[in-house]
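The values are calculated or read from the model by the stated rules, or taken from the named source; none is laboratory data. On a predicted model such as this, the values are computed, not experimentally measured, just so you know. Cβ coordinates were reconstructed from backbone atoms using ideal geometry, including for glycine residues, and neighbour counts include every protein chain displayed. Please note that ligands, DNA and RNA were not included when accessible areas were found on the heavy atoms of the full protein model with its side chains. Shrake-Rupley method; radii C 1.70, N 1.55, O 1.52, S 1.80 Å.
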Amino acid sequence: NKGQSIKRFRRIFPNSVIHAFEPNTFEYEILKNKYREDKKIILNNFAVGDKKETKSFYITAKSGSSSFNKLNLNSEWLKKRSKQFNTSTSGYTKSIEKVNIITLDEYCKKNNLNNIDILKIDTQGYEDKVLKGCENIFKNNIVSFVEVEIMFDDVYEKYLTFSDLEKNLLPYDFRFCAITTANNNLFEGLVFFADLVYFN
């Protein structure tokens, strides 16, 4: 999105090489301009998933909620967010872009990546597809650590469960070891999600 994870990981690991993916062309151009002098940040203007394809990507008024998944038009979240952006619930999705998708297996092979210390996935309900596209790099123990977002609310028409994610992690000896939640009360607030951490 806007480089939040790039900033976070660069602060913790100043000498790290970061491969980042942003399918939204507008946000990608901003990132490219921001990090144009940093040769250790490799930016990619496409998405990752479970197979090579082109798919509709829904760009929303607040770009961080853009997704391959359609918004749930009846959610309280969308009713409030659309008012904040002075639009209707149906108008909160501003445009639809055709986006190219590849797998991380394919990306790593193409770029000769044989070691990934941290794989961070925050793809608005598309995390299961991203993990599915990591079969070879998981099988070959290329990834040490996975941090993946899971959303528990009904912002999108689709939502994931722990088992949706873990079926792509547990067979490769990843073990769940930590969780950070964004909202600890399901009955208050509009968003309830968490970042899950798995170690190989």
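When both residues are 6+ apart or on different chains and their Cβ atoms are under 7 Å apart, which pairs have a first residue that lies in the range 104-125 and is more than 16 Å from Leu43 (Cβ to Cβ), and a second that is surrounded by 16 or more Cβ atoms within 10 Å (Cβ to Cβ) and basic (Lys, Arg)?
As it stands, the answer is Gly125/Lys158, since those pairs meet every condition given.
Are any residues in the range 110-126 in contact with a helix residue (DSSP H, G or I) (Cβ under 9 Å, 6 or more places away or on another chain) and within 19 Å of Ile18 (Cβ to Cβ), and if so, which ones?
Leu113, Asn114, Ile116, Ile118, Leu119, Lys120, Ile121, Asp122, Thr123
Has the range 178-192 got any residue that is surrounded by 13 or more Cβ atoms within 10 Å (Cβ to Cβ), of a type in the set (Val, Ile, Thr) and modelled with pLDDT of 95 or more?
Within the range 178-192, none of the residues are surrounded by 13 or more Cβ atoms within 10 Å (Cβ to Cβ), of a type in the set (Val, Ile, Thr) and modelled with pLDDT of 95 or more.
So, in the range 82-111, of the ones that are assigned to a helix (DSSP H, G or I) and under 20 Å from Tyr126 (Cα atoms), which residue ends up nearest to the chain's Cα centre (by Cα)?
Leu104
Checking the condition touching a Phe, Trp or Tyr at 6+ places or on another chain (Cβ under 7 Å) and assigned to a strand (DSSP E or B), which residue from Phe176, Phe138 passes?
Criteria check complete, one pass: Phe176.
What's the total number of residues in the range 1-39 that are charged (D, E, K, R) and over 23 Å from Val148 (Cα atoms)?
Count: 7.
Could you list all residues from the range 153-170 that are in contact (Cβ under 8 Å) with a residue 40 or more places away in the chain and among the aromatic types (Phe, Trp, Tyr)?
Tyr156
If you scan the range 146-165, which residues turn out to be open to solvent by 40 Å² or more (accessible area, probe 1.4 Å) and either aliphatic (A, V, I, L, M) or over 27 Å from Ser63 (Cβ atoms) (or both)?
Passing the criteria: Phe162, Ser163.
Condition (residue is small (Gly, Ala, Ser), more than 24 Å from Thr25 (Cβ to Cβ) and either at pLDDT 95 or above or open to solvent by 30 Å² or more (accessible area, probe 1.4 Å) (or both)) applied to the range 84-97: is it met by at least one residue?
yes
Would you please name the residue that is farthest from the chain's Cα centre (by Cα), looking only at residues in the range 117-132 that are of a type outside the set (D, E, K, R) and open to solvent by 30 Å² or more (accessible area, probe 1.4 Å)?
Per the criteria, the residue is Ile118.
Please name all residue pairs, on different chains or six or more residues apart, with Cβ atoms under 8 Å, provided the first residue is in the range 129-146 and is within 7 Å of Asp50 (Cα to Cα) and of a type in the set (Val, Ile, Thr) and the second residue is modelled with pLDDT of 95 or more and surrounded by 15 or more Cβ atoms within 10 Å (Cβ to Cβ).
Sorted first by the residue in the range 129-146, then by its partner, the pairs are Val130/Val48; Val130/Gly49; Val130/Asp50; Val130/Leu104; Val130/Ile121; Val130/Thr123.
Take the residues in the range 5-63 that are among the small types (Gly, Ala, Ser) and assigned to a helix (DSSP H, G or I), then tell me which one is most open to solvent (accessible area, probe 1.4 Å).
Ser5
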